[in-house]
Structure formats: C-alpha cells, structure tokens
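Note sheet for the following structure.
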Amino acid sequence: MLQASPSPAILIVEDEPKLARLLDDYLTQAGYVVHCVAHGFEVVPWVQQHAPALILLDLMLPGKDGMAVCRELRAFSAVPIIMVTARVEEIDRLLGLELGADDYICKPFSPREVVARVKAVLRRLQPQSPSAASPGGFVLDAQRYCASLDGCPLELTPVEFRLLSTFLTHPGWVFSRSQLVETLYADFRVVSDRTVDSHIKNLRKKIRTIRPEPDVIRSVYGLGYKYEG
Ligand code: CA
C-alpha cells in the first residue's frame, strides 16, 4: 500500500513567467506533477482544493506577498513550504519571523539546486523511522503499524494509524479534511469528507478506551481537525 505512491504535486507560486516555466520544466523532469500560480490571492484557495505535497513560494508577489500567504497557509495547513526570495539578507529576517516555512532558497538559484531542496524537504517529512516516541504518551511503530498509548496497545487500522501519525507529527496544527485524505491515501483518490469523519470517529473511540478524556483529536469548526495533547 505504501509503495504505490504516485508523483507528488508541487505548487509553484512565481509571478515571473520565465522563472516559473524553468522551475516547472525541471520539477516535471524530476518526476513531479507541477501546477503554477502567479498571484498571491490564488494560493490559499488552490491549496484548499488540491492539497499539494509541497509549495515553492516566492516572497514578492502581486496581490498578497509570500509572508502573508505563508501565514494564512499555516493557519490551516501543514503542507511543506519552501520560501524563495531575491535578497539574501531577507533570509535572516524570515527565519526570525518564524513563519513556519520548511526551507528558504535565495534567487538567483540553479534549478538543480531547487529540485535537490524539494527532494530533501519531502524526504525529511516522510513517516518517521520505527518506534518513534510521540507526544502525549503515544508510541508509533511505522514499520509494523503498531501503536500504543500510555503503554497499552491501540489496535488501529492502517488508515487510523496514518491519521494518528499525521496529527502527532504536528501537534496543534489544523488539518483540513482534504489534507487528511491526502495523507491517508497517497493516490489522491476521491474520498468524501464523511469518510474522513468516520475514520476520525473510530480513532477517537479507540483512544477513549484507554484514556476516556479529554478528547485529544479536536474538531475545529469549518476547518477540520487538530491534535491537542
Ligand atoms: Ca516575484
């Protein structure tokens, strides 16, 4: 099931058409599915609909700058973001702002370097190695799909396991249902929101048998779900 993952989708946010095309070519050649947008206002709606695997986000954009876009994305999304800036001195400032970007690239860059960074970020964010201890008394073994809470085994289906693993990797982050679908099924299949809800319901029920309250997986009205340990 895990091996059958398709090409991840990369969103390029870049208002210089030549640069966007260059990145598109290189990332497509590297085996990614690429979509480009040029306007700051287009990013959030596109991400909400498509849940890309990673975003290359230019800082200077028409409409809404990359910093504002990054902040808005982080309010609902854990999608990996690589910020792109034309000024090397910007990077320190960006790091200081703690926007929640995963990496920074300075212009001018070599497209090869960008591809290498994209690969590195995606690799870093892959499911953790076996037996990684997680917050709140959970322990997940990603190789055997075993989980426990406070030392008691949790009998989870693979889908429930991946859900829990996603939440624990980013405590407090709100995941939309479409993002959860993406982590559950690596092939972007069409799954209704209600399917996600019912998996969450079952996962909560199993957690509650070990720890009756409070509910660690919370609903966030109109947005999705988050983990709060
Ligand atoms: Ca720009």
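Lysines near Lys119 by alpha-carbon distance under 20 Å, same-chain residues fewer than 8 away left out - which ones?
Lys107
Sort Trp173, Trp46 by accessible area with a 1.4 Å probe, largest first. Intermediate results must be reported in sequence, preceding the final value.
Working: Trp173 75, Trp46 45 Å².
These residues rank, largest area first, as Trp173, Trp46.
Do the sum for the chain: with -39,500 (n - 2.57) for every DSSP H run of n ≥ 4, divided by all residues, what is the mean residue ellipticity at 222 nm, to the nearest 500 deg cm²/dmol?
Counting only the DSSP helices, I get -13000 deg cm²/dmol.
Which order do you get for Thr28, Thr209, Thr166, Thr195 if you rank them by accessible area with a 1.4 Å probe, largest at the top?
Details: Thr28 70, Thr209 115, Thr166 20, Thr195 45 Å².
Result, largest first: Thr209, Thr28, Thr195, Thr166.
Gln29 versus Ala75, label points 7 Å from Cα toward the beta carbon: distance in nm?
Here the modelled spin labels are 3.9 nm apart.
Under a crude label model (7 Å from the Cα following the beta-carbon direction), how far is Arg194 from Ala116 in nanometres?
That separation, rounded to one decimal, is 5.0 nm.
Please give the per residue volume of the convex hull enclosing the alpha carbon atoms of the chain, rounded to a whole number of Å³. If you can, show how the numbers build up before the last one.
Working: hull volume 28.5 nm³, N = 229.
Output value, Cα hull per residue: 124 Å³.
May I ask you to list the lysines whose Cα is less than 27 Å away from that of Lys201, ignoring any residue fewer than eight positions away on the same chain?
Lys226
Amide H neighbours of Leu154 under 5 Å, counting only residues 5+ apart in sequence or on other chains, H built in-plane at 1.01 Å?
Ala147, Ser148, Leu149
Kindly state, to the nearest 0.05, the FRET efficiency for Arg93 paired with Arg124, given R0 = 22 Å and r defined as their beta-carbon distance.
After rounding, the FRET efficiency stands at 0.40.
Counting only protein chains, not ligands or nucleic acids, how are Phe109, Phe41, Phe161 ordered by accessible area (probe 1.4 Å), most first?
In descending accessible area the options line up as Phe41, Phe109, Phe161.
Taking a point 7 angstrom from the Cα of Leu223 along the C-beta vector, which residues in segment 37-76 have backbone N less than 12 Å away?
Counting only backbone N, you get 72-76.
The values are calculated or read from the model by the stated rules, or taken from the named source; none is laboratory data. Just so it is clear, the model here is predicted, and its values are computed rather than measured. Don't worry about glycine lacking a Cβ; one is built from the backbone with ideal geometry, like all the others, and counts go over all protein chains shown. Just the protein is used for accessible areas: all its heavy atoms, side chains included, with ligands, DNA and RNA removed. Shrake-Rupley method; radii C 1.70, N 1.55, O 1.52, S 1.80 Å.
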